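The values are calculated or read from the model by the stated rules, or taken from the named source; none is laboratory data. Every value quoted in this text rests on a predicted model; they were computed, and no experiment measured them. Neighbour counts are summed over all protein chains in view; Cβ atoms, including those assigned to glycine, are modelled from backbone coordinates with ideal geometry.
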Amino acid sequence: MPIEQARWFGAVLAGGFDALVNERANRMRWPRGPRRYDLAILLELARLRPRVYELEIDGADHGFTGMLVAVGNCASYGGGMRILPGADPYDGLLDVVVAVPFGRLALARLKPRLNRGTHVHDRRVRTFRAKQIKLRSADIIGYADGERVGPLSLDITCVPGAVRLLR
């Protein structure tokens, strides 16, 4: 990607159900505050369907059909959900979590596990670590650190040492 098109993020890029919820919530004018996201979750659950993802991790094809993909170097997003519980901002690698298809009830049951970071032990969830990711999927707008990035046709690279963090 040319440097003028580069976008930086520091924590987590959402590219699945979570991104769809964020996109819907941002279009809504009512209700205000956190209830907007609760309503957006319910509305997106009603439309839940698996999506086809092209996913290349350090040159290897890991394409899948599923519900969720998140990429980042920090463990949490969305008010403390530990979507990437093993992520370490100091290791120079991106963590990736993907979830293959499951139903609405199973997704609802997974949410409390997201808060604790134990969802990664579910057989429908896979995790990876990498330096470079290519992510593609139709009709999904990616969100990084809660901000709209754009359609999922993204090349994501970890840049070790780009930000100095205090321990």
What do you reckon, is A40 out of contact with any Leu (no Cβ under 6 Å at 6 or more places or on another chain) and assigned to a helix (DSSP H, G or I)?
yes
Selection from segment 77-87 of residues at pLDDT 95 or above and under 21 Å from A106 (Cα atoms) yields R82, I83, L84, P85
Taking first residues from segment 147-163 that are over 12 Å from G15 (Cα atoms) and second residues anywhere that are surrounded by fewer than 13 Cβ atoms within 10 Å (Cβ to Cβ) and aliphatic (A, V, I, L, M), the pairs with Cβ under 7 Å that are 6 or more apart or on different chains are D155/M1
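Residue-wise test of (1) among the β-branched types (V, I, T); (2) more than 15 Å from L152 (Cα to Cα).
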site	(1), (2)
A11	no, yes
E23	no, no
P31	no, yes
Y37	no, yes
G63	no, no
V98	yes, no
So which of A25, A6, A99 ends up being small (G, A, S), surrounded by 14 or more Cβ atoms within 10 Å (Cβ to Cβ) and closer than 22 Å to K131 by Cα?
A99
Of the criteria (1) more than 12 Å from the chain's Cα centre (by Cα); (2) surrounded by 15 or more Cβ atoms within 10 Å (Cβ to Cβ); (3) among the charged types (D, E, K, R), which one R104 fails
(2)
State all residues of segment 109-159 that are over 18 Å from R51 (Cβ atoms) and of a type in the set (S, T, Y); if no residue qualifies, say none.
T118, T127, T157
Scanning segment 77-101 residue by residue, the ones that are in a loop (DSSP other than H, G, I, E, B), over 13 Å from H119 (Cα atoms) and not charged (D, E, K, R) total 9
Is it true that V52 is β-branched (V, I, T), within 30 Å of A162 (Cα to Cα) and modelled with pLDDT of 95 or more?
no
For segment 90-131, give me each residue that is among the β-branched types (V, I, T), farther than 15 Å from T65 by Cβ and touching a strand residue (DSSP E or B) at 6+ places or on another chain (Cβ under 8 Å).
V96, V97, V120, T127
Determine whether segment 15-28 contains at least one residue that is of a type outside the set (A, V, I, L, M, F, W, C), over 22 Å from R126 (Cα atoms), assigned to a loop (DSSP other than H, G, I, E, B) and touching a helix residue (DSSP H, G or I) at 6+ places or on another chain (Cβ under 8 Å).
no
Scanning segment 19-33 for residues that are touching a residue at least 12 places away in the same chain (Cβ under 8 Å) and more than 13 Å from V149 (Cβ to Cβ), the one farthest from the chain's Cα centre (by Cα) turns out to be M28
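Residue-by-condition table, conditions (1) surrounded by 18 or more Cβ atoms within 10 Å (Cβ to Cβ); (2) within 11 Å of the chain's Cα centre (by Cα):
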{"residue": "I57", "(1), (2)": "yes, no"}
{"residue": "T65", "(1), (2)": "no, no"}
{"residue": "G72", "(1), (2)": "yes, yes"}
{"residue": "G79", "(1), (2)": "no, no"}
{"residue": "L84", "(1), (2)": "yes, yes"}
